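Throughout, read-outs are computed from the coordinates displayed, never taken from laboratory work. Computed from a predicted model, the values in this text were never measured in an experiment. All Cβ positions, even for glycine, are placed from backbone atoms using ideal geometry, and neighbour counts span all protein chains on display.
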There are 2 protein chains.
Amino acid sequence: MNQKNKITNKLRSSKLRPTKQRRKIADFLFNREKTFHFTVEELNKIINKKDNLQKISLATIYNTIDAFKKAGHLKEILTNNNKSYYDTNISSHHHFFDIETNELEDINYNDIKVVNLPHAPKGKKIQDVEVTLTVKKS
Amino acid sequence: MNQKNKITNKLRSSKLRPTKQRRKIADFLFNREKTFHFTVEELNKIINKKDNLQKISLATIYNTIDAFKKAGHLKEILTNNNKSYYDTNISSHHHFFDIETNELEDINYNDIKVVNLPHAPKGKKIQDVEVTLTVKKS
DNA sequence: CTATTACTTTAGAATCATTATAAACTATTA
DNA sequence: TAATAGTTTATAATGATTCTAAAGTAATAG
Ligand SMILES: [Mn+2]
Ligand SMILES: [Mn+2]
Ligand SMILES: [Zn+2]
Ligand SMILES: [Zn+2]
């Protein structure tokens with residue numbers, strides 16, 4: 001199956017109609033090797049580069065990212081910055097976070113071991129373990 | 001030395017004039033046993049409760065929190081949520097983060113051990129190691 | 001003290017990210 | 001092919017935060 005069909009299937013199996021806009025954004029986000037970390041603003045700039053024929057409205061980009069997140073195809077990342085950051089790597093993993101540039105870089109889940117996990121507060125359960133290594137220019 | 005003077009000294013030694021507003025906010029934030037995690041909106045509600053005589057403007061609360069952060073008396077916390085969260089615990093430590101209620105709870109730095117720390121990307125150095133245990137209702 | 005200066009507070013406006021609205025459009029279904 | 005349900009879009013609305021500039025207060029110099 002080619003990539004176009006893969007994307008269409010991914011959308012359909014998430015009960016999202018494979019519209020032109022969603023296919024374009026999904027193709028950009030999901031047909032890649034390396035993790036992509038982004039804000040909606042950044043994604044909008046890339047998707048709507050001036051040379052691009054078919055523009056996608058900002059509202060649609062927000063809607064689509066939200067739909068992909070709800071479908072489990074994107075993960076929202078904890079950062080400060082009052083902007084939402086998204087991650088195409090939806091598996092549990094860790095990050096370097098550059099506090100000066102706000103850039104994120106993945107660390108494989110098994111490259112860090114977290115031992116002595118405390119119990120969750122009563123009535124709650126642990127859902128994910130994330131390590132953030134804050135970095136800056138050395 | 002009493003608490004009033006302690007606060008005044010803390011402000012002065014950070015080169016912040018001990019104004020009525022700063023003393024009130026500092027007294028509320030720093031004279032406590034347990035860590036306090038908050039957003040500016042929450043702090044504003046508490047500081048400006050209706051029964052309170054002297055109101056403090058929202059702009060001043062923003063200014064003051066920013067000044068305290070720059071002076072190192074508060075730490076900004078990584079969350080999603082598009083609001084800034086602050087922490088009166090400025091030492092390195094970890095958190096439970098309830099993704100349903102956005103509530104934070106401290107975990108002592110030594111209650112979790114992180115082993116096998118990877119090297120920082122070249123040209124960068126690790127500044128802090130933070131573990132977030134995402135929790136939800138069980 | 002008092003005057004001058006520098007810093008701070010404040011209301012309100014401005015900005016930025018995000019969400020809501022509602023009309024036009026398009027994919028799916030009957 | 002027609003009906004329908006879902007989607008896109010421009011635009012307005014909202015919410016958090018920052019900016020502005022005028023009035024107020026703390027520190028300092030005389
Ligand atoms: Mn945040
Ligand atoms: Mn955020
Ligand atoms: Zn990642
Ligand atoms: Zn904390």
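Order by neighbour count: A:Leu74, B:Leu104, fewest other Cβ atoms within 10 Å first, most last. Intermediate results must be reported in sequence, preceding the final value.
Values: A:Leu74 22, B:Leu104 19.
Fewest-to-most Cβ neighbours within 10 Å comes out as B:Leu104, A:Leu74.
Treating only the Cβ atoms of Lys and Arg (+1) and Asp and Glu (-1) as charged, compute the dipole magnitude of the protein assembly as shown about its Cα centre; round to the nearest 20 debye. Walk me through the numbers before you get to the answer.
Details: 52 positive and 32 negative charges, 172 e Å.
So the dipole magnitude of the protein assembly as shown works out to roughly 820 debye.
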task = Considering the options A:Ile47, A:Thr101, A:Asn116, tell which one lies farthest towards the positive end of the dipole of the protein assembly as shown, charges being +1 on Lys and Arg and -1 on Asp and Glu at the Cβ, about the Cα centre.
result = A:Ile47
request  = Beyond 21 Å between alpha-carbons counts as too far, so tell me which of B:Lys10/B:Lys125; A:Lys122/B:Lys83; A:Lys70/B:Lys136; A:Lys15/A:Lys70 fall in that bin.
outcome  = B:Lys10/B:Lys125; A:Lys122/B:Lys83
message = I'd like the Karplus ³J(HN,Hα) series for region A:124-132: coefficients 6.51, -1.76, 1.60, θ = phi - 60°, whole numbers in Hz, and an x wherever there's a Gly or Pro.
response = 10, 10, 6, 10, 7, 10, 10, 10, 10
query = trypsin sites (Lys or Arg not before Pro), restricted to region A:1-106: which are DSSP loop and have at most 16 other Cβ atoms within 10 Å?
reply = A:Lys15, A:Arg32, A:Lys34, A:Lys49, A:Lys50, A:Lys55, A:Lys83
key: Directionally averaged projected area (convex hull, Cα atoms, region A:11-138), nm²   = 10.9 nm²
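So what is the 222 nm mean residue ellipticity for chain B from helices alone, if each DSSP H run of at least 4 adds -39500 (n - 2.57) and you divide by all residues, rounding to the nearest 500 deg cm²/dmol? Don't jump to the answer; show the numbers that get you there.
Working: 4 runs with 43 residues, N = 138.
-9500 deg cm²/dmol, from helical runs alone.
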request  = Rounded to whole Å and sorted largest first, list the principal axis extents of the Cα atoms in region B:3-77.
outcome  = 32, 28, 25
request  = Quick one: which residues, 5+ away or cross-chain, put their amide H under 5 Å from the amide H of A:Phe36? H built at 1.01 Å from N.
outcome  = A:Thr88, A:Asn89
remark   = Measuring from its Cα centre, chain A shows a charge dipole (+1 at each Lys and Arg Cβ, -1 at each Asp and Glu Cβ) which, in debye to the nearest 20, is 920 debye
key: Cα-only radius of gyration and Dmax that characterise the protein assembly as shown, units Å   = 22.0, 76
Spin-label model distance (nm) - A:Ser91 vs B:Thr39, 7 Å beyond Cα toward Cβ = 3.4 nm
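Would you mind getting me the FRET efficiency between A:Leu117 and B:Gln3? Use the beta-carbon distance for r and R0 = 41 Å, nearest 0.05.
Numbers: r = 37 Å, r/R0 = 0.91.
Approximately 0.65, to the nearest 0.05.
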query = What are the residues whose amide H is under 5 Å from the amide H of B:Lys136, where those residues sit 5 or more places off or on another chain and H is modelled from the backbone?
reply = A:Lys125, A:Gln127
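Once the Cα gyration tensor of region B:91-135 is diagonalised, what are the square roots of 5 times its eigenvalues, in whole Å and ordered largest first, as equivalent ellipsoid semi-axes? Spell out each step's value before the answer.
Details: eigenvalues 116, 30, 17 Å².
Each semi-axis is the square root of five times an eigenvalue, giving 24, 12, 9 Å.
Net charge within 14 Å of A:Lys34 by Cβ-Cβ distance, Lys/Arg positive one each and Asp/Glu negative one each, not counting A:Lys34 itself? Provide the component values of the computation, followed by the final result.
On the way: positive: A:Arg32; negative: A:Glu33, A:Asp87, A:Glu103, A:Glu105, A:Asp106.
With Lys, Arg at +1 and Asp, Glu at -1, the neighbours total -4.
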message = How far apart, in nanometres, would the label points at B:Lys83 and B:Asn48 be if each is projected 7 angstrom from Cα along the Cα-to-Cβ direction?
response = 1.5 nm
query = Regarding region A:65-127, what are the three Cα extents along the principal axes, ordered largest first, in Å?
reply = 32, 29, 23
ask   = Between A:Asp27 and B:Leu58, what is the spin-label point distance in nm, taking each point 7 Å from the Cα along the Cα→C-beta axis?
value = 4.4 nm
Distances in nm from A:Ser57 to the matching label points in the other copies, shortest first (labels 7 Å along Cα to Cβ) = 3.8
remark   = Taking the alpha-carbon centre of each part, the distance from region A:94-138 to region B:36-91 in Å is 25 Å
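Treat every Asp and Glu Cβ in region A:91-135 as -1 and every Lys and Arg Cβ as +1, leave all other atoms uncharged, and give the resulting dipole magnitude about the Cα centre to the nearest 20 debye. All intermediate terms of the calculation are to be shown ahead of the outcome.
Values: 4 positive and 8 negative charges, 125 e Å.
The dipole of region A:91-135 has a size of about 600 debye.
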request  = Can you list the distances in nanometres, one decimal and ascending, from the B:Val129 label point to the identical position in each other copy, with the point 7 Å along Cα to Cβ?
outcome  = 1.3
